[in-house]
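Following: one structure in structure tokens, then a few remarks.
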Amino acid sequence: MGDARQVTERFIRHFRNVPAARSGVCRICHGGPGTATSTQKPFETCFSCRETTALARYTNHVVPISLCAYGDLLYRIVARHDEPAPESAFPDRSTLLAATVARFYQAHSACLAGLAGGAFSLVTAIPSTRASDRNPSWHSMRPIVDKVSTLRAFYQEVLSYTGEGASMFKARKPAENAYVTTTGLHGQRVLLLDDIFVSGAHVQSAASALLRAGAVIVVVLVIARQVDPDFNDNSAAIWRQALNEPFCFERCCLCGPRLAS
């Protein structure tokens, strides 16, 4: 993979800072919540998170590395719509995303462990649900994690996609039985990896399976959190702020500056 800093610096202008939780920023996914008409104050959580946490178990802890918007270059690469062009200054998809994860984790492993209440004992990822992928439960994050030495030693593929919940996922809703674990996870602190967070339906369904299997906590690390700047005023404000400030790997949504409400 080479030096993570060197790889990511070539792509740095395509990353966007993720705001810390505050009024106008969802406390779970860091997207833009709506505003209550009765109080004219933003909800604590966005509409998607209120929908996707309608499960017996779910996680409150989602940490995106960067924001992205539909159609921008980071979105197209992370969502596997594009591979960086061979003649471009950017490396291949797995190398770029591995460098992104490695650099962020090096800077913020303490932030993530603090959220978990201690060191992680297991790193895992959400298996693919795409019918076009090579086989059911293929782990698209595996080529990325294999290049991140600090995570590779703790990585196990413990989640399997059951095939249930496809219609729920299509409607961007969670599915209680979409994933199962291949082993018990009693007492484990789990770092759950995914490439992109859109509605959170896959993330929360996977977190539910891990918690049902005995995990004591699940912290989700996603490379990109997609936002729609046209969805509401708070989403627009978050995106506008992200466009107007330089991205910095040394800050995150847990330790970064809290923006004025």
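The values are calculated or read from the model by the stated rules, or taken from the named source; none is laboratory data. Being a predicted model, the structure only gives us computed values, none of them experimental. In this analysis, Cβ positions are derived from the backbone assuming ideal geometry, glycine residues included, and neighbour counts consider all displayed protein chains. For accessibility, only protein heavy atoms count, side chains too; no ligands or nucleic acids. Shrake-Rupley method; radii C 1.70, N 1.55, O 1.52, S 1.80 Å.
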Which whole-number value in Å² is the accessible area per residue of the chain, probe 1.4 Å?
45 Å²
With all protein chains present, how much of the accessible area of the chain (probe radius 1.4 Å) comes from carbon and sulfur, to the nearest whole percent?
49 percent
Once you have a ≥ b ≥ c as the square roots of the Cα gyration tensor eigenvalues for the range 13-123, tell me rounded if a/c is under 1.5, and otherwise prolate or oblate according to whether a/b is larger than b/c.
oblate
GNM on the chain, Cα springs under 10 Å; top mean-square fluctuation among 245, 44, 164 goes to 245
What does the C-alpha gyration tensor say about the overall shape of the chain? Classify as rounded when a/c is under 1.5, otherwise prolate if a/b is larger than b/c, or oblate.
rounded
Antiparallel %, DSSP beta bridges [both residues in the chain], to 5:
20 percent
Calculated FRET efficiency, residue 73 and residue 228, Cβ-Cβ r, R0 22 Å, to nearest 0.05?
0.85
Please state the shape class of the range 145-261: rounded when a/c is under 1.5, otherwise prolate if a/b exceeds b/c and oblate if not, all from the C-alpha gyration tensor.
oblate
For the chain, what is the calculated [θ] at 222 nm in deg cm²/dmol (nearest 500), taking -39500 (n - 2.57) for each run of four or more DSSP H residues and dividing by its residue count?
-8500 deg cm²/dmol
Using 0.36 nm times the number of residues separating residue 21 and residue 44, minus their current alpha carbon distance, what extension gain do you get?
7.4 nm
Taking the Cα centre of the range 7-69 as the origin, how large is its charge dipole in debye, to the nearest 20, when only Lys and Arg (+1) and Asp and Glu (-1) carry charge on their Cβ atoms?
100 debye
Once 228, 233, 194 are ranked on solvent-accessible area with the largest value leading and a 1.4 Å probe, the list reads 233, 228, 194
When ranked by the protection proxy of mean other Cβ atoms within 10 Å per residue, highest first, what sequence do the peptides 121-127, 199-205, 220-226 form?
199-205, 220-226, 121-127
